[in-house]
Amino acid sequence: MTQRGTAILNLNNGSAPIELPVLSGTMGPDVIDIRKLHAQSGLFTYDPGFLSTASNSSTITFIDGDKGILLYRGYPIEQLALHCDFVDVCYLLLHGELPTPDQKKTFDAAIKNHSMLNEQLVRFYSGFRRDAHPMAVMVGVVGALSAFYHDSLNISDPVHREQSAFRLIAKLPTITAMAYKYNIGQPYVYPQNSLSYAENFLHMMFSVPTEKYEANPVIVRALDRILILHADHEQNASTSTVRLAGSSGANPFACVSAGISCLWGPAHGGANEACLRMLEEIGDVSRIDEFIQRAKNKEDNYRLMGFGHRVYKNMDPRAKLMRETCHEVLNELGLHNDRLFKLALQLEKIALEDDYFISRKLYPNVDFYSGIVQRALGIPTSMFTAIFAMARTIGWVAQWSEMVSDPDHKIGRPRQLYTGTTMRDVPGSYIK
Ligand code: SDX
């Protein structure tokens, strides 16, 4: 980053104006460096929800919300989704460049070497109710990885960081599929290292010991693309959670578990599950207007799930790619007349012609179509966010690693604007 200029803060209280550096990155908005503001003025800035705040610098992912641009290490998501697979993208997010064939072979083998879970961890699942939400299981089991891998918890050691990254990338599909198998009472299926990442996950999810399982290549490619589209997304809520947890020196397994917890919320990664349930509740095109009116009603805090975004004020490029994947999968499966997909297309059309959504620049986001694709792949609604977490693990790990490898990183410790009761004494009745 370079200093492009200076911002002058005039407090109009007789004190001298405060000079704050204006810093430029390689793309996107410049920033006012306020690190010395409190020392120079005694003031804090105030930005609940971080609408105007850059929490850190990063070289990993860039988003231009107005233009609907998403780049992983400079590559447009559209090109990565078309020409690469998820393992290429994992390597890219971690190392900054796409792998050569030899690098990919080594990286893929290293990941596969960690795809099994310690058998004692398998017993964790039986502690949950069968009908536990898969995200509750994921939070617990991923956090518990810290109890098993003491040999890679020294976060200042790059070798340990790489080991932890391999373990998290490799084990999340196994943990996720096992959460599904536990939920439906079927035996766990162990990873098959001869299969690709996406194929292996589908095998662990849908194969049963009694029959041979062959994944449909179109389905495998669709899942691989879903994983690419969800891999990283700058400083979203769950990534910021992982960074904040990691800033205290917490181990990566605990940090990713914290990220999974944050992603679960319906305003974030839980929106894909909520969106499908919304489409099922709407049920028919004739009821779309009723739900649009509810979403527009200030008295009703109802929102159209899968619509709107803090950063995108244009169509989320991932939503476009997900819509294309919907078409491909539904056509391949002979479901091109899928009721919910047709309903979603109609809902998108009507909303995007409505001034409420146009004026607020509310467009479909990544979660709007992902539920329909996943449902077509045979994935149950309750698993949608778990699969988002599985895909986002590489983004969390890359962002966490970028932070902890920065020798200047500090523990994250925001301040506040205190609006509570001013200082007072305990009543005499308490004083003995
Ligand atoms: C993800 O950050 C990321 O990058 C996240 C993510 C990632 O990859 O990590 O992209 C993944 O989380 C996508 C978002 C999934 N969530 C949803 O689809 C839930 C529905 N959407 C919203 O709740 C909302 O749009 C947010 C949370 C996504 C964004 O909220 P903001 O930026 O805080 O915007 P806001 O709540 O201030 O809304 C601005 C206005 C308000 O109206 P006014 O007060 O101006 O009159 O837009 C309205 C809101 O009421 N609005 C909606 C709406 N989203 C915003 N109205 C109806 N339906 C909606 N979905």
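Any read-out appearing in this document is the output of simple, stated calculations on the displayed coordinates, not a laboratory observation. These figures come from a predicted structure and were not determined experimentally. All Cβ positions, glycine included, derive from the backbone under ideal geometry; neighbour counts span all protein chains shown.
Before moving on, here are some points about what is shown:
- Largest GNM mean-square fluctuation across I34, I358, I394, computed for the chain with C-alpha springs under 10 Å, falls on I34.
- Summing charges over all other residues whose Cβ lies under 15 Å from the Cβ of T53, with Lys and Arg as +1 and Asp and Glu as -1, gives +1.
- Calculated from backbone phi, Karplus (6.51, -1.76, 1.60) coupling profile of the range 353-365 in Hz, x at Gly/Pro: 9, 9, 4, 4, 6, 5, 5, 8, 6, 9, 10, x, 10
- Computed from the C-beta positions of E299 and H150, the FRET efficiency with R₀ = 51 Å rounds to 0.40.
- Calculated SAXS-style log₁₀ I(q)/I(0) at q = 0.12, 0.23 Å⁻¹ - the range 256-357, Debye, Cα scatterers: -0.45, -1.43
- Fully extending the segment from N118 to D33 would add 26.0 nm, taking 0.36 nm per residue of separation and subtracting the current Cα-Cα distance.
- Under 5 Å from the amide H of A7 lie the amide H atoms of L20, V22, each residue being 5 or more positions distant or on a separate chain, with H modelled from the backbone and absent for Pro and chain starts.
- From helices alone, the chain scores -15000 deg cm²/dmol at 222 nm; the rule is -39500 (n - 2.57) for each run of n ≥ 4 DSSP H residues, then divide by the residue total.
- Taking the average, over residues, of other Cβ atoms within 10 Å as the packing measure, peptides 323-331, 248-256 rank 248-256, 323-331 from highest down.
- Label-point separation in nm, K361 to Q79, each point 7 Å along Cα→Cβ: 2.5
- Shape analysis of the range 160-296 based on the Cα gyration tensor places the equivalent ellipsoid semi-axes at 29, 26, 13 Å, largest first.
- Radius of gyration, Dmax [the range 80-229; alpha carbons; angstrom]: 15.8, 46
- Note on I8 and L335: the extension gain reaches 111.7 nm, defined as 0.36 nm multiplied by sequence separation minus the Cα-Cα distance.
- Database remark: amide H of F307 closer than 5 angstrom to the amide H of N365 (H placed geometrically; neighbours at sequence offset of 5 or more, or on other chains; Pro and chain starts carry no H).
- Under the Karplus curve 6.51 cos²θ - 1.76 cosθ + 1.60, θ = phi - 60°, whole-Hz ³J(HN,Hα) for the range 13-26, x wherever Gly or Pro sits: 10, x, 7, 5, x, 9, 9, 10, x, 9, 9, 10, x, 8
- Using Cβ point charges alone (K and R +1, D and E -1), the dipole size of the chain about the Cα centre works out to roughly 960 debye.
- GNM result for the chain, Cα springs below 10 Å: residue of T45, T176, T210 fluctuating most strongly: T210
- Cα→Cβ-extended label distance, 7 Å offset, between Y213 and S52, nm: 5.2
- Among the chymotrypsin sites (Phe, Trp or Tyr not before Pro) within the range 89-156, those in coil by DSSP and having at most 16 neighbouring Cβ atoms inside 10 Å are F148.
- Each residue of the range 154-170 was assigned a 3J(HN,Hα) from its phi angle through the Karplus expression (A = 6.51, B = -1.76, C = 1.60, θ = phi - 60°), giving 7, 5, 7, 9, x, 5, 5, 4, 5, 4, 5, 4, 4, 5, 5, 4, 7 Hz with x at Gly and Pro.
- For trypsin sites (Lys or Arg not before Pro), the sites in the range 121-202 that DSSP calls loop and that have at most 13 other Cβ atoms within 10 Å are R129, R130.
- Highest-MSF residue in the chain out of G420, G378, G283 [GNM, Cα springs under 10 Å]: G420
- Sites Q346 and A110 - FRET efficiency at Förster radius 45 Å, r taken between beta-carbons, to 0.05: 0.45
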